[in-house]
1. List, in order, the whole-Hz ³J(HN,Hα) value for each residue of segment 245-251 obtained from phi through the Karplus relation with A = 6.51, B = -1.76, C = 1.60 and θ = phi - 60°; use x for Gly and Pro.
2. When the expected Rg is taken as 2.2 N^0.38 Å, what fraction or multiple of it is the alpha-carbon Rg of segment 45-188?
3. List every residue whose amide H lies under 5 Å from the amide H of Val132, counting only residues 5 or more places away in sequence or on a different chain, with H placed 1.01 Å from N in the peptide plane.
4. Among bridges DSSP assigns within the chain, what percent are antiparallel (round to 5)?
5. Tell me the label-point distance for the pair Val270, Arg32, using the 7 Å Cα-to-Cβ offset, in nm and rounded to one decimal.
6. For Glu170 and Asp211 in one chain, what is 0.36 nm times their gap in residues minus the Cα-Cα distance, to one decimal in nm?
7. Using a/c under 1.5 as the rounded threshold, could you call segment 144-228 rounded, prolate or oblate? The axes a ≥ b ≥ c are square roots of the C-alpha gyration tensor eigenvalues, and prolate needs a/b larger than b/c, oblate otherwise.
8. For Ala91 and Ala204, compute 0.36 nm times the residue count separating them, minus their Cα-Cα distance, and round to one decimal in nm.
Amino acid sequence: MHEPLLPRTAPFRTHQLSVGGGHSLYVEECGRPDGMPLVFLHGGPGSGCSPEHRRFFDPSRFRAVLFDQRGSGRSEPLGRLQDNTTAHLVADLERIRAALGIERWIMFGGSWGSLLALAYAIRHPAPVAGLVLRGIFLGSDDELRRFVNGADGAAPIAWQAFAKGIPPQERGDLLRAYTARLLVRDAGAARRWLDYERALMGEAPLADAPDARRLAKTAIQAHYLDNGCFTDPDTLLAGCANLRHIPVCIVQGRRDAVCPPAAARRVHRVLPQAEWFDVENGGHNALAPDMAAACVAALARVATRAGM
């Protein structure tokens, strides 16, 4: 199969941007300094960006901004939970946009990043030239419970190991049991959580114990999940009604066991102008060939429709 991702590139500029609350964000700019502005919102929460994420963006067309959200990746301090909420991340996006002198930009968010993209666009619609949403996640209790209670049998062996990692008397509420352990950086719980997540994505278990970044990721993830992602899905969906003038593409894998199509369908109903990129064999991994090809095509489509 033809490689859908663009060649590997290095940033032309990096920043360490202070955003208050003791947080400093790692921000990088890739592609053309005079290109079409675009911001990438990574998943997790807490995952951070990787060099492979730059490969979604045509360096001859885009000025792509990638950043590690509070406490994630190369942002500092690693794993900090204080002053780390959805509202803080939305405000951070405005700080980044102002610091880089960007008037309008396209937003590309997958999984948790899709929720953050919608939250920002609803709060600040004027700077949003277009949206690409991949593997949509709305932070609903149903989504969270489905994930921890077996994801509809998507990875039964991995889920059994995941559930058995909790004492029997606590298994009635696996979400509470795991978030309590992840918040205190329990390495064993973090490894079971990550291995289960990886199994749902068709990946092998971790070869080694979680490092500091992975422990930070799972602590941040637990912090958000334990607080309902600091948002309300119904309010989020209602706010989408004000985004019907914006070009939108939804990229959804039919086989996505982490963020299955139900949430994307809910968004599509309130954003009927959105183009739906249905990836028949696509899962949750955006870097897999089928999903990557759809993401690259969706970005090109939104950029053309935005006419920037």
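Laboratory data are not the source of any read-out in this text; all were calculated from the coordinates shown. These figures come from a predicted structure and were not determined experimentally. Cβ placement follows ideal geometry from the backbone for every residue including glycine, while neighbour counts extend to all protein chains displayed.
1. Coupling constants for segment 245-251: 8, 9, x, 9, 10, 10, 10 Hz.
2. For segment 45-188, the normalised Cα radius of gyration comes out at 1.23.
3. Distant-sequence amide H within range of Val132: Met107, Phe108, Gly109, Cys249.
4. Within the chain, antiparallel bridges account for around 35 percent of the total.
5. About 3.6 nm separates the two model spin labels.
6. 12.1 nm
7. Cα axes put segment 144-228 in the rounded bin.
8. Answer, rounded to one decimal: 37.1 nm.
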